[in-house]
Structures are given as structure tokens and as C-alpha cells.
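Enquirer: Take a look at this one; I'll ask things after.
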Amino acid sequence: MFPVGPLLLWDHSFVVADCGCSLPLASSTTFRRVHKWCALYVDAFADDVQSSQLIAAAPDDVQSGVDCYNSTLRALLDKHAPMRSNASQTVIIVSLLRP
């Protein structure tokens, strides 16, 4: 039991109770794929960029340059900072008092 403070000049008393019930929870887990950046060794990554097609044989037009840039960096990131699954859980407290 909780202690009740001194009575005040009100027309009702303050009541404190513990019903011992827990609030219902709704949770959802989402997974996302992220690069493992802590595994990236920058010197080896830079060496591979220097010896890649992006630098060795630079494309002539803009579209092939963008395609070469995207494919080269994607391949090098997959090699040096592999993807991993990251789970995050969201817990929502469902209100017992609905407006």
C-alpha cells in the first residue's frame, strides 16, 4: 500500500492504487540490410579503387561513366564492407483509455 498524504480541504480524497496489471504491448520487428562499415579497411579499399576500371579506363560519356561508377563502388563495397542484416524492434504501448 502507498501512504496517503494529509487530508486537504477538498470535497474528495486522493486515492492511490496498484492494480497489478500490465499494459498490452504491440511490437514489430523490421530487418534492413546495412554495410558493415567497421570492417572497412580504407587503405585496401583505396588501392582497389585506384586499380579499378573507373580509374584505369575512364568512360567517355556521362551515362557510361555513371554506370561504371555505380557498379565499381557497389562491387568494392560488397567486397570490403559486406552487407549484414540489422534487426530493430519497435514496441508500442497500447493505451487503455481511448478517446
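The values are calculated or read from the model by the stated rules, or taken from the named source; none is laboratory data. What you see is a predicted model, and the numbers here were worked out from it, not measured in a lab. Don't worry about glycine lacking a Cβ; one is built from the backbone with ideal geometry, like all the others, and counts go over all protein chains shown.
Enquirer: In segment 33-73, which residue that is of a type in the set (Gly, Ala, Ser) and in contact with a helix residue (DSSP H, G or I) (Cβ under 9 Å, 6 or more places away or on another chain) is nearest to SER85 (Cα to Cα)? Don't jump to the end; show me each part of the working.
Expert: Of all residues in segment 33-73, those of a type in the set (Gly, Ala, Ser) come to 39, 44, 46, 51-52, 56-58, 64-65, 71.
Retained after the next criterion (residues that are in contact with a helix residue (DSSP H, G or I) (Cβ under 9 Å, 6 or more places away or on another chain)): 39, 44, 52, 56-58, 65, 71.
Details: ALA39: 15, ALA44: 24, SER52: 28, ALA56: 34, ALA57: 34, ALA58: 34, GLY65: 31, SER71: 22 Å.
The selected residue is ALA39.
Enquirer: Quick one: ASP18 ticks every box in (1) at pLDDT below 85; (2) of a type in the set (D, E, K, R); (3) closer than 30 Å to ASN86 by Cβ bar one, so which box is it?
Expert: Tallying (1) at pLDDT below 85; (2) of a type in the set (D, E, K, R); (3) closer than 30 Å to ASN86 by Cβ, ASP18 fails exactly one: (3).
Enquirer: I need the full set of residues from segment 74-99 which are modelled with pLDDT of 85 or more, closer than 18 Å to ARG32 by Cβ and among the small types (Gly, Ala, Ser), in order please. Step through it out loud before you land on a result.
Expert: At the first step, the residues of segment 74-99 found to be modelled with pLDDT of 85 or more are 74-87.
From the residues that got through so far, the ones that are closer than 18 Å to ARG32 by Cβ too are 74, 77-78, 81-87.
Correct list: ALA81, SER85, ALA87.
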